[in-house]
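The values are calculated or read from the model by the stated rules, or taken from the named source; none is laboratory data. Treat the numbers as computed from the prediction; the structure is a model and nothing was measured. Note that each Cβ is placed from the backbone with ideal geometry, even for glycine, and that neighbours are counted across all protein chains shown.
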Amino acid sequence: MDLKKTALYDTHVKLGAKMVPFAGYSMPVQYKGIREEHRRVRETVGVFDVSHMGEIIISGPAALEMTERLTVNDVAGLAVGQAQYTAMCYPDGGIVDDLLVYRYADRFLLVVNAANKDKDYAWMLKNKIGDCTIEDVSDSYTQLAVQGKRAEATLQKLTAVDLSAIPFYWFKEGRLAGADMIISRTGYTGEPGFELYFENKHAVKVWEAVFEAGAGFDIEPIGLGARDSLRLEKKMCLYGNDIDETTNPLEAGLGWITKLGKGDFIGREALLKIKSEGLKRRLVAFTLDAPGFPRHGYAIHKGEEKVGHVTSGTVSPILEKGIGLGYVKKEFSKIGTTIEIEIRKKRVAATIIKPPFV
């Protein structure tokens, strides 16, 4: 299968990025190295090409009703110019995907995970209600994530839009680096920052302008490897690892986005039943008490009993020790509980902690 290329593919290659197949695209996994790139975002500012993400627009008279039916969060409560983190569920409460919803005056923009885009789009079409149009516009957008403490100072040099006036999870439409775009105060790193959405034809011009503006802050390009370790340090879920069709939002710690009282949505009845019967397991955060690298799928033990499995793990570049997420039986999920992670047939002691890690 031929891999898709973002509008910045040639730029990444020129910068010496290590390109890997990801969600049907050839994407940069690292440039200088994951740990160095990770620290750059935590210390000043870094730029990610995340143009592989999916963008789907729902418009028409029934757009609000349709988006409410699809997602677990309260879309009706959004003001124009506001965004929210949410999820879509199957009728049994399993997760179709986690996503962002952006509210415009006349439409909703849903930003979905790259690997799930086609599946998500088909799910939306299958469950379409009322007079609305559902359009996949993913191939039209370049998306950059500019993340870190110096992200605002970098981007403010390139736009007349007052970036300091955009609250967390709000967005503005405006010009930046000479291109019309969506400027959204969102991100997947836990650091202050913005996500920029604009037409592909502006990609190289905007990329170069951002790097020129951030030169004084040692701005660097960041690959998908550091994106994963950054999100894990802040306990942000990754679809396919921490959440999928076999998990529900309540056990995944996403009850805060699951508004069971908002009215009907796909999966609501199942989630109400799961809540009333009580959770059987929970997604927990843990740190290793000895050296080791916890990986997806590793067994979690408590004494002689296997009580769960690791969903995400790494050695934190900030803490310089093993950290991870995993599902464990509810009775072993309390903060402070000691567990053991089975790493290459050896058990390594770990402790369940209150997230985030950093």
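Structure data summary
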quantity: Boolean, THR287 is touching a Pro at 6+ places or on another chain (Cβ under 9 Å) and of a type in the set (Ser, Thr, Tyr); calculated: no
quantity: Output for the range 10-44, where each listed residue is closer than 23 Å to TYR102 by Cβ and assigned to a loop (DSSP other than H, G, I, E, B); calculated: ALA23
quantity: Pair list, Cβ < 8 Å and 6+ apart or interchain, from the range 328-340 residues that are in the same structural domain as VAL284 (by TED's automatic domain parsing) and surrounded by 19 or more Cβ atoms within 10 Å (Cβ to Cβ) to residues that are at pLDDT 95 or above and among the polar types (S, T, N, Q); calculated: ILE339/THR351
quantity: The range 45-55 - residue that is touching a Gly at 6+ places or on another chain (Cβ under 9 Å) and assigned to a loop (DSSP other than H, G, I, E, B) and, of those, farthest from ALA145 (Cα to Cα); calculated: HIS52
quantity: Residue within the range 46-63 that is within 28 Å of VAL204 (Cα to Cα) and among the aromatic types (Phe, Trp, Tyr) present; calculated: yes
quantity: Residue check, ALA153 surrounded by fewer than 21 Cβ atoms within 10 Å (Cβ to Cβ), aliphatic (A, V, I, L, M) and either at pLDDT below 95 or part of a loop (DSSP other than H, G, I, E, B) (or both); calculated: no
quantity: Residue ID - surrounded by the most Cβ atoms within 10 Å (Cβ to Cβ), chosen from residues in the range 1-26 that are of a type in the set (A, V, I, L, M, F, W, C) and over 15 Å from ASP139 (Cβ atoms); calculated: ALA17
quantity: Among the residues listed as LYS126, LYS157, the single one being touching a residue at least 40 places away in the same chain (Cβ under 8 Å) and either on the phi > 0 side of the Ramachandran plot or not hydrophobic (A, V, I, L, M, F, W, C) (or both); calculated: LYS157
quantity: Number of positions in the range 91-142 that are crowded, with 17+ Cβ neighbours inside 10 Å and of a type in the set (Lys, Arg); calculated: 3
quantity: Selection from the range 273-302 of residues that are surrounded by fewer than 17 Cβ atoms within 10 Å (Cβ to Cβ), more than 17 Å from ILE343 (Cβ to Cβ) and of a type outside the set (A, V, I, L, M); calculated: LYS273, LYS275, SER276, GLU277, GLY278, LYS280
quantity: The range 210-223, residues that are buried (at least 19 other Cβ atoms within 10 Å of the Cβ) and either modelled with pLDDT under 95 or not in a loop (DSSP other than H, G, I, E, B) (or both); calculated: VAL210, ALA213, GLU220, PRO221
quantity: Failed item in (1) under 20 Å from the mean Cα position of the chain (by Cα); (2) assigned by TED's automatic domain parsing to the domain that holds ASN200; (3) crowded, with 16+ Cβ neighbours inside 10 Å, with ASP74 passing the rest; calculated: (2)
